[in-house]
Amino acid sequence: MAAEPRWRLNRELNVSVLVQVGLLGALIVGSWMNLQRQLDLLGRDVSLLLERQKEVARKIEQLQAASISHEVRLGSLETQR
């Protein structure tokens, strides 16, 4: 007499399991789409920050040039006295 397996795989799927699997799949897809949207927004924000950083760097360079110019003028005025 052959030993019967202790468990059997029941291949029947009821409707609730199918609905749960479908909803889980929809949740995964929705989460993935939301993540992609958030990554797109993050990329846009990083691009804007880089542009602003370049603008600030240009303004700082202009201020440094003006400061050097004023120092030279001040030095020439002090030597004239």
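Every number in this text was worked out from the coordinates using simple rules, so none of it is lab data. Values in this document were obtained by computation on a predicted structure and should not be read as measured data. Cβ: placed from backbone, ideal geometry, glycine included. Neighbour counts: every protein chain shown.
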- Does LEU77 count as surrounded by fewer than 10 Cβ atoms within 10 Å (Cβ to Cβ) and either among the aliphatic types (A, V, I, L, M) or not in a helix (DSSP H, G or I) (or both)? yes
- Item | Number of positions in the stretch 24-78 that are of a type outside the set (Phe, Trp, Tyr) and within 15 Å of the chain's Cα centre (by Cα) | 18
